[in-house]
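Report on the structure given below.
Please treat every number below as a calculation from the coordinates, not as lab data. Nothing here was measured: the structure is a model prediction, and the numbers come from that model. Positions of Cβ are generated from backbone atoms using ideal geometry, with glycine treated the same way; all protein chains shown enter the neighbour counts.
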Amino acid sequence: MFFKKNIYICSLISKTQPMKSVFTAILLQISFVIFAQDSFIATYPDSLTENANAIVKTERILVEIPTEKSMRITKYRVITVYNELGLRNLETVEYFDKSRTVKSIEGTIYNASGKEIKRIRRKDFTEQAVSQGSIATDVRVLFLEYTPVSYPFTMIYESEISSSTTAFLPTWMPVDSYFLSVIHSSITVQYGENVRFKYKEIPFNYNLDKKEEKGKISFTFQNFKALRSEEMAAKMTTFLPSVLFGLDAFQYEGVLGIAESWNLYGKWIYDKLLKETEEIPVETINTIAQLIGTETDPMKKAKIIYEYMQSKTRYVSIQLGIGGWKPMLAKDVDRLGYGDCKALTNYTRSLLKVFNIPSYYSLVYSGSEKRDITEDFVSMQGTHAILGIPNNQKITWLECTSQTMPFGFQGDFTDDRKVLIISENESKIVKTASYLNEQNLQKTHSKVVLNPDNSMSCEVKIVSSGIVYDEKLALKTKKPEDVKDYYNAFFSTINNKKFTKTDFKDASSQFEFTENIQFNAEDFVKKVQDKIILPLNSVNQVAFVPKKNKDRKIPFQIDRGYCMEDESIISLPSNLQAEALPEIQKFESEFGTYVASVSEVNGSLIYKRKLVIKSGFYEAQKFESYRKFRDQIARAENSKIVVITKP
Amino acid sequence: MKLKISLLFLLICQIGLSQKYKLGAVTADELKEKTHPKDTSALGAVLFKTGKTTFNLTNEGSFELITEVFFKIKIYKKEGLGLADQKVSYYTGGSGSEKVFISDAYTYNLVGDKVEKTKLKSESQFKEEATENWSVKKITFPNVKEGSIIEYSYKIVSPYVHNFRDWVFQYKIPVNYVEYQTYIPEILKYRTVISGFEKILIDEKVVPGNDFNSIKYTYTASNIPGQKEEEFVKNISNYTSILKYELAAIEYKTKPSKNFSLSWADVAKTIYDNPDFGGQLEFRSYYEDEVGALINKTMSDTEKMTILFEFVQKNMNWNEKESIYCDLGVKKAFKQKVGNTADINLMLVAMLRHAGLNANPVILSTRDNGIPVFPSRSAFNYVIAAVRINGSPNQILLDASSKNTVPNIIPIKTLNWEGKLLLPKGESVSIYLDPEKHSTKSITILAKIVDNTSIEGKFRETADAYHAYLAKSKYSDLSEKTLQENLVKKYETIEIEQATFKKETGKPTQVNFSFTSDNAIEIIGDKLYVSPLLFLGMDENPFQSETRNFPIEFDYIQKNNYTISVKIPDDYEVETFPQPLLLQTNGAEINYSFKGSETNGMLQISSSFDINASILEAADYEMLKSFFKEIVNKEGEKIVLKKKK
């Protein structure tokens, strides 16, 4: 029943696609010798082919960093693909731009019995501008569109990339997909004497083989059996291995940078990318000063400035050159009235600064799936920028790419995660506001009138807060016909609805959304031999039950949790009454609580229900008990009573 | 006297109008407007779109097409701010390149009572080489807010007189006024067609010129509503108001005319004469050995057809590119076992002819490509094969580029009105693509009530024709686990085990599984309430909208039968059974039936749902909606079981 919005897609670093697989020329020759006789025959043990759309037979990635000013990435990858779905695991794609060059890219295809059937050269790759709804970008891509002639087939893919930017080293994730087996995957990083190299293994349950010597480190991962994708799966990084790599001193598009500590790194961003961008035209300062008038409270002033920014600007995506990380000048945003997330955040920061309100330009991994900036690994991280205003001991967060988000409301795009706040002298990692469990409250009050002709009339009032508020905000931007569609789906348990009222009100200062809906529905119930079967919860039935999975392998996650409180007053025609009232239904588990009861007051039935689902991370073996809990709830939600003619 | 007055009036009006539709004349009143007067929900509106296309004779003596377009767009709501990002694509491949010039781009805002004008400078213009052959110019208007008006114009200079751009009258937002003029040199003959339901006025007059005389056409339209998406529409752009120009001929004064596409015969001949089409049918050496080994003279024509079709289908792999022209060419494609639709199906036509069959290519336009509106080479994007056996009047349609097709079942995307059968002598015949026969699906369930709380049973679905094609597309080559997961997703409320999918040549496809359903039975008081169609009932009306603008289109005509038997517990008997129901739409486009009974402790339910016409008028919408309402009501009724006394 919750709808997802899809706004402010803002990618700071489209170039940091996880890189996988590499090699040197020497190693390459060796490998050919080793594999020359039998290597490309697609026969593997059943344990590896089971559930696999593809099998990575060998993957070797070599990252060479002789100095902080240059980097070479060589990939060598042998993969067997079993079906169409496995084509996505080929990963025959490379991105490039002014500071990054694809030196070579090629491949060879072998059929199931290991016979070479096709050579793929650079000219067989398609080149295109990277343009995903963006207004402008200078990143380009080379990719292969290969049509297999039979399955399984095996592909050797080799590429060499050189880059003068060393800010983004590849993240190694040997298994980055479900339905993918991996026999051997390794990465080696070789770095010059003066290169301040570092790495971090992300905690996981698999054994990585690590070899470290002076100026060189390698990781190997072997014999991984494909996993099936599973419902409500936790993030892959919580149960699959990955290693982060980085440099304490790096080059980013010709500019030297420091990532020794968050404070130094933040200072670098501030000095090199933000400091010179703050100028605001006098006219704008005067306009805002007028808006502020005699207001002295800093947060109230900040609200006025934020709303001014929202009314003046709009979000566009621009990624040109260092623009990938450097915001447009504040005065350009002011003049043009548009910018990307960095530009709008920095513009708002600059406006606030003029009025002596300090704020932090902050980097975050955005998306409804929460992801932290890895705290103990200082490097260029994040995909989005937001603004934090210190407010007593807390920070008030502003999403500057939205023209509609209320002041201080974050929503599920950047909530509850570690972000980097940047300031001249005290950059650090902090956590954003969270919306958990009962905070995400949807309160529903309904009056259901059953008419003598078996139709019904219904009045519903829904008050939402927390993340539910965020979801409801989308209603404001829907067209009238889409609003009807939304409510048709929302009240899907009732057929033949005719809406007479669909009003809503956004109390944005309290982050509270109120809906008032009225509708009638013919044939709401059926009379069978003078008896009527009446659903108790027809307005807001929560029917979700996860599918049974006897051998669940992956841990699962409930991201935020929520609470639904419903009261429904059901009036029956005067000649009818309930045959019997069901008993109170109450159950509890580590995943949440449920209570539903019905009573009779002055001839009306009063149905009350409270459902709480808690956020949490759970091991796979608990999945069945969660499923049973939801099944129990779904059954209770579907409770019906028999209504008879009064004697 | 009366006449003169009206003429004068007209003249004044025209002056007034032409001022109104010039760029740079934004008024405070226009900026003050909060919502569109005719559609208050509109995010924005095209206040006007005007333009003209003229021809210029270059120094090399060839024509150049110059199209100028002027836009004035109002933004009413925040959600409409995206209208301030505009782009123009142009062709850069081929011998001559197209050129695009964007100019006169301004944003207008109301500041106090004054109109403020902001110029879009080069910093807000971006050029992107999207692909090898196409580039895009993008502009991002500065200083845009709710209420802003943006204006811009662009000019496209193109050497391609045969590639006249479509002129679009209708958008998702309302369009207040459109005017488009074309100045067509006398020697160029274009065919035109206007699609959609909106009223477009056309005026025509001769304009003398220095180099050549032209005919000037003026197209005007007012108050075109924004186009809204609807369900059960194959391709909404079929209903959008668009003007298309197709070069038919060049009538030179000093040399013979060159025809491009005047009739279907011309189209057929031009396409046939293209070396990437007709020429490809002539090669034979590349397949002779293999095909020779496959067929012999004792075989019937049907056998030969089947063998060759299956040979190409199995051997060739479609590279997901659609075209009526070969990409690699049949010889290379055959060798590499990969090709586009033309490579694969023209190869099939050639082999079938080689085997002595009466085979021809059929060109068509896929659903995404829209309906071909007039004889034109560019209207088609797909080619299949057709065979006539033993003088039968019926053509058997073949598409070997999909692994799931069989003779006379072509992909759903190609079921788009009619195609053109191209005969060798340049003749062409229209051929209906929609299937004339129903596709049939039969579901049989044998089940029993267990512990009064759940229903367990076996499910079997057999499907032929398009139902089978879809089943094959979804279920072919899946592991048992994945098949089971897909079926659970489809039927939602049941647990599934032992799922199998069978497809055998010449037989219906079969899906089998065992299921447990906890939702199809409820205990209320001391009675059991059973959903008669178990988990197959229609629980929501597919037609929810209150209004309908476009015809309702179904993929194909079909019959669906459900036969369900449920054993009830020994100590229970039927108290009530839902009444039988027979429904038929006014024109018998859809039939529905439901009936059931109990014998010897077995519930027997049978239901059918047939679609006999693949398109219904928008005017039938209310009828259709209430038709489905009755079905939903019926299938929501319960069989009530009571304890035996």
Original post:
What are the extents of the Cα atoms of the range B:439-643 along their three principal axes, listed from largest to smallest and rounded to whole Å?
Top reply: 52, 40, 27
Original post:
If only Cα atoms are counted, what is the Rg of the range B:9-158, and what is its Dmax, in Å?
Top reply: 17.6, 55
Original post:
Once you put a point 7 Å from the Cα of residue A:271 and another 7 Å from the Cα of residue B:299, both along the Cβ direction, what distance in nm separates them?
Top reply: 7.9 nm
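On alpha-carbon atoms, Rg over Rh for the range B:105-210 using Kirkwood Rh? Write down the numbers at each step before the final one.
Values: Rg = 18.6 Å, Rh = 18.1 Å.
Reported Rg/Rh, Kirkwood definition of Rh: 1.03.
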Subject >> Sparse-neighbour loop sites [GluC sites (Glu not before Pro); the range A:134-174; at most 16 other C-beta within 10 Å; DSSP] >> reply: A:145
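Quantify how strongly other chains surround peptide A:516-525 by giving the mean number of their Cβ atoms within 10 Å of each of its Cβ atoms.
On the way: counts 0, 0, 0, 0, 0, 0, 2, 5, 0, 1.
Neighbouring Cβ atoms belonging to other protein chains average 1 per residue here.
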Original post:
Which percent of Cα pairs goes in each bin when the distances of the range B:223-309 are cut into 5 angstrom slices starting at zero?
Top reply: 3, 9, 10, 10, 10, 10, 11, 11, 11, 9, 5, 2, 1, 0
Original post:
In the range B:248-353, what trypsin sites (Lys or Arg not before Pro) fall in a loop by DSSP, with at most 12 other Cβ atoms inside 10 Å?
Top reply: B:253, B:297
**OP:** Under 1.5 on a/c is rounded, so check that first for chain A, then, if it is not, pick prolate when a/b is larger than b/c and oblate when it is not; a ≥ b ≥ c are the square roots of the alpha carbon gyration tensor eigenvalues.
**Re:** oblate
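Determine Rg/Rh for chain B; Rg is computed over alpha-carbon atoms and Rh is the Kirkwood hydrodynamic estimate from the same atoms. Don't skip to the end; give the middle numbers.
On the way: Rg = 30.9 Å, Rh = 29.5 Å.
Rg/Rh for chain B comes to 1.05.
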Original post:
At q = 0.11, 0.17, 0.20, 0.21 Å⁻¹, what base-10 log of I(q)/I(0) does the Debye formula yield for the range A:420-528 when every alpha carbon is treated as an equal point scatterer in vacuo?
Top reply: -0.48, -0.87, -1.06, -1.12
Original post:
So which aspartates and glutamates pass the test for residue B:645, namely a Cα distance under 20 Å, with those fewer than 8 places away in the same chain ruled out?
Top reply: B:451, B:526, B:570, B:571, B:573, B:575, B:598
Original post:
Which helices pass in chain B if a helix is a full DSSP H run, must span at least 24 angstrom along its long axis by Cα, and must have mean Kyte-Doolittle hydropathy not below 1.0?
Top reply: B:2-20
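Strictly over 25 Å apart at the Cα level, which of A:646/B:567; A:235/A:476; B:403/B:490; B:297/B:507; B:22/B:145 would you flag in this model?
Details: A:646/B:567 35 Å; A:235/A:476 31 Å; B:403/B:490 23 Å; B:297/B:507 27 Å; B:22/B:145 22 Å.
Going by Cα-Cα distance, A:646/B:567; A:235/A:476; B:297/B:507 fall outside the 25 Å limit.
Can you give the average number of partner chain beta-carbon atoms within 10 Å of each beta-carbon in peptide A:311-318, as a whole number?
Numbers: counts 3, 3, 4, 12, 2, 9, 2, 3.
Counting other chains' Cβ atoms within 10 Å and averaging over A:311-318 gives 5.
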Subject >> For q = 0.08, 0.09, 0.14 Å⁻¹, Debye-computed log10 I/I(0) when each Cα of the range A:437-645 counts as one equal scatterer >> reply: -0.31, -0.40, -0.93
Original post:
With axes computed from alpha carbons, what is the tilt in degrees of helix A:298-312 against the longest principal axis of chain A, rounded to the nearest 10 within 0 to 90?
Top reply: 80 degrees
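What is the Cα radius of gyration of the range B:39-92 over 2.2 N^0.38 Å, N being its residue count? Working shown, then result.
Values: Rg = 16.7 Å, N = 54, 2.2 N^0.38 = 10.0 Å.
For the range B:39-92, the normalised Cα radius of gyration is 1.67.
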Subject >> chymotrypsin sites (Phe, Trp or Tyr not before Pro) within the range A:178-276: DSSP coil, no more than 13 neighbouring Cβ in 10 Å >> reply: A:206
Original post:
So in the protein assembly as shown, what percent of DSSP beta bridges are antiparallel if you round to the nearest 5?
Top reply: 90 percent
Original post:
Which lysines does residue A:550 reach when only Cα atoms under 17 Å apart count, and residues fewer than 8 places away in its own chain are ignored?
Top reply: A:622, A:628, B:481, B:489
Original post:
What is the projected area of the convex hull of the Cα atoms of the range A:97-172, averaged over all directions, in nm²?
Top reply: 6.9 nm²
Original post:
Among A:342/A:428; A:342/A:472; B:34/B:172; B:52/B:172, which pairs are too far apart, with a Cα-Cα distance over 24 Å?
Top reply: A:342/A:472
Subject >> For the range A:498-541 versus the range A:555-596, the gap between their alpha-carbon centres in whole angstrom >> reply: 16 Å
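Rounded to two decimals, what is the ratio between the C-alpha radius of gyration of the range B:264-432 and 2.2 N^0.38 Å?
On the way: Rg = 14.5 Å, N = 169, 2.2 N^0.38 = 15.5 Å.
So the range B:264-432 has a normalised radius of gyration of 0.94.
Could you list, in their original order, any pairs among A:479/B:228; A:461/A:484; A:526/B:527; B:331/B:472; B:20/B:49 whose Cα atoms are separated by more than 19 Å?
Working: A:479/B:228 10 Å; A:461/A:484 16 Å; A:526/B:527 16 Å; B:331/B:472 30 Å; B:20/B:49 12 Å.
From A:479/B:228; A:461/A:484; A:526/B:527; B:331/B:472; B:20/B:49, over 19 Å: B:331/B:472.
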**OP:** Round to the nearest 10 and give me the degree value, 0 to 90, for the angle of helix A:282-292's Cα axis relative to the longest principal axis of chain A.
**Re:** 30 degrees
Original post:
Two-decimal Rg/Rh of the protein assembly as shown from alpha-carbon positions, Kirkwood Rh?
Top reply: 0.96
Original post:
How many partner chain Cβ atoms sit within 10 Å of a residue's Cβ in peptide B:118-128, on average, as a whole number?
Top reply: 3
Original post:
Is the shape of the range A:292-408 rounded, prolate or oblate, going by the alpha carbon gyration tensor and its root eigenvalues a ≥ b ≥ c, with a/c under 1.5 for rounded and a/b larger than b/c for prolate?
Top reply: oblate
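Given only helices, namely DSSP H runs of n ≥ 4 each adding -39500 (n - 2.57), what is the per-residue ellipticity at 222 nm of the protein assembly as shown, to the nearest 500 deg cm²/dmol? Each step should come with its number before you reach the end.
Details: 21 runs with 227 residues, N = 1292.
The helix-only estimate for the protein assembly as shown comes to -5500 deg cm²/dmol at 222 nm.
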Original post:
How far is helix A:480-490 tilted off the main Cα axis of chain A, in degrees rounded to 10, range 0 to 90?
Top reply: 80 degrees
Original post:
How large are Rg and Dmax for the range B:23-250 when only the alpha carbon atoms are used, in Å?
Top reply: 18.7, 57
